[in-house]
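One structure below.
The values are calculated or read from the model by the stated rules, or taken from the named source; none is laboratory data. Since the structure is predicted, the reported quantities are computational estimates derived from the model, not experimental observations. Counting neighbours? That spans all protein chains shown, and the Cβs are built from the backbone with ideal geometry, glycine included.
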Ligand SMILES: Nc1ncnc2c1ncn2[C@@H]1O[C@H](COP(=O)(O)OP(=O)(O)O)[C@@H](O)[C@H]1O
Ligand SMILES: [Mg+2]
């Protein structure tokens, strides 16, 4: 019995692949480009090409395809919700009418588009967290935002907060899991009774969890102070980011592909 | 009346890159009224094993039987098994949540549906067994001292009146006095007919009190025997990360030098062999 599975949260999965070894900045920009592309494209054939591209990146990252798909599980409800809204609330040529519920052709098409878009969005975005260590990710973001520091943008602080939050998500999931087990061993049950009863059953989990979280936060703050942490100014890095030729190549390839797909989409569509 | 494991195996995250085989082919059996220890280095699978005995983890290979009931998914006896087999997690004080120590200890019996008028008795008995002072009852469990917290957490499991008690490294982080208190509590419970399973990496305690010991290494079973036989096995085939007690090392070194002493972990036994009866 396992209550949380790290992998469903798009956690980093180590592997020796090209995608893993790219500079985080390259990956962040590439994902942004891909996501923009997904929102622009409209033709079904191009959607199929997104699917192919997804398969290619999965192979290049040496990840099992199932694992990538599984990272979309938490947002599946959102996808279905969006799709059903479009099915039921789009005006157009009616295909089916039962009482006040009317399904239109345009509605079905829109539902498929929006559902697929969201799905691709999540799947492509999940590559970022699947193939990049949280630390690298935060590093990359800090560097990307560093030009705005002169305007007072707290790039380092934000990156540090993000690093800490990301770093503690798996730990806290583990702790939650452990505490739930400990309470189960004392006869607690989390899946019986009505909603109120179930919510109340979580108190014996939440209270110890809060105690642990605050304890950890305090420990961490003391540890940071003990090592003279004083923010980003003048701070050097143990592993400085370094932009290599393969990063330029990868970003170039992604850009070209997306531009081609968008142009192709325009041609097919009009 | 026993707990039995047959060829038990468990793998975390099967079919993913994080796949870890935590247990493989583990078999043992121990009765009520006996003390069974599981010893091994960190990561050898001790905690994983402990959680199989009350159905928190279900066997992926092999079986676990508790008093003739198999631990299986959706089995109706799972709740009954959880009541029979009390499990004290590592650092159990981290599970404390209630407003008062009384409510904390009453949590388990209330969950098992014990009538409210019998609960004060249960709480009193559990507190006495765990050696917790009466004046703690109305205090918040968060204001107790470290040792008292540990006792309160153990009392909160004892209040289920389990037939078996599984403890995962219960002595970790305790001072030597609290450690002695805890082992004498376990000895007392055993004499009252409870089955004790102690998970530990401290061979000293395991050898001293157990009726039988299982040694794990990297998820596999090294040896499951009586303490003396386990000591002899470990002396001949050392397991990395498991340190033999000082006396055992001393007696082994003396034997190597040709002294006629038994291989033992008991100072008394070694002293008698060296200096004769006094
Ligand atoms: N929840 C878990 N998810 C994945 N792997 C785990 C989990 N718990 C333990 N493991 C792995 O299983 C092995 C055995 O762990 P554990 O049973 O905790 O050993 P021990 O209690 O002897 O230190 C270790 O390699 C550990 O990394
Ligand atoms: Mg452990």
Practice task
Report, by residue number, each residue of the range B:255-272 that is out of contact with any helix residue (DSSP H, G or I) (no Cβ under 8 Å at 6 or more places or on another chain) and more than 19 Å from residue B:205 (Cβ to Cβ).
Solution key: B:255, B:256, B:257, B:258, B:271, B:272
Completion exercise
By residue number, the members of the range A:57-99 that are within 14 Å of chain B (Cβ to nearest Cβ) and either modelled with pLDDT under 80 or crowded, with 16+ Cβ neighbours inside 10 Å (or both) are A:58, A:61, A:63, A:67, A:68, A:70, A:71
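Rundown of residues vs (1) in contact with a helix residue (DSSP H, G or I) (Cβ under 7 Å, 6 or more places away or on another chain); (2) within 16 Å of ligand 2 (Cβ to nearest atom), yes/no style:
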{"residue": "A:135", "(1), (2)": "yes, no"}
{"residue": "A:138", "(1), (2)": "yes, no"}
{"residue": "A:177", "(1), (2)": "no, yes"}
{"residue": "A:233", "(1), (2)": "no, no"}
Fill in the blank from the handout: Given (1) away from ligand 2 (no atom under 16 Å from the Cβ); (2) in contact (Cβ under 8 Å) with a residue 24 or more places away in the chain; (3) closer than 15 Å to residue B:154 by Cα, residue B:204 misses just (3)
Problem - When residues of the range B:29-85 are limited to those that are within 16 Å of ligand 2 (Cβ to nearest atom) and part of a strand (DSSP E or B), the one farthest from the other protein chains (Cβ to nearest Cβ) - result: B:39
Problem - Residue in the range A:179-202 that is farthest from residue A:169 (Cα to Cα), counting only those that are assigned to a helix (DSSP H, G or I) and facing another protein chain (nearest Cβ under 7 Å) - result: A:185
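Here is a yes/no grid of residues against (1) without any contact (Cβ under 8 Å) to a residue 60 or more places away in the chain; (2) buried (at least 19 other Cβ atoms within 10 Å of the Cβ); (3) in a loop (DSSP other than H, G, I, E, B):
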{"position": "B:184", "(1), (2), (3)": "yes, no, no"}
{"position": "B:214", "(1), (2), (3)": "no, yes, no"}
{"position": "B:224", "(1), (2), (3)": "no, yes, no"}
{"position": "B:250", "(1), (2), (3)": "yes, no, no"}
{"position": "B:254", "(1), (2), (3)": "yes, no, no"}
{"position": "B:260", "(1), (2), (3)": "yes, no, yes"}
Fill in the blank from the handout: When every residue in the range B:143-171 that is within 16 Å of ligand 1 (Cβ to nearest atom) and crowded, with 24+ Cβ neighbours inside 10 Å is compared, the one farthest from residue B:111 (Cα to Cα) is B:170
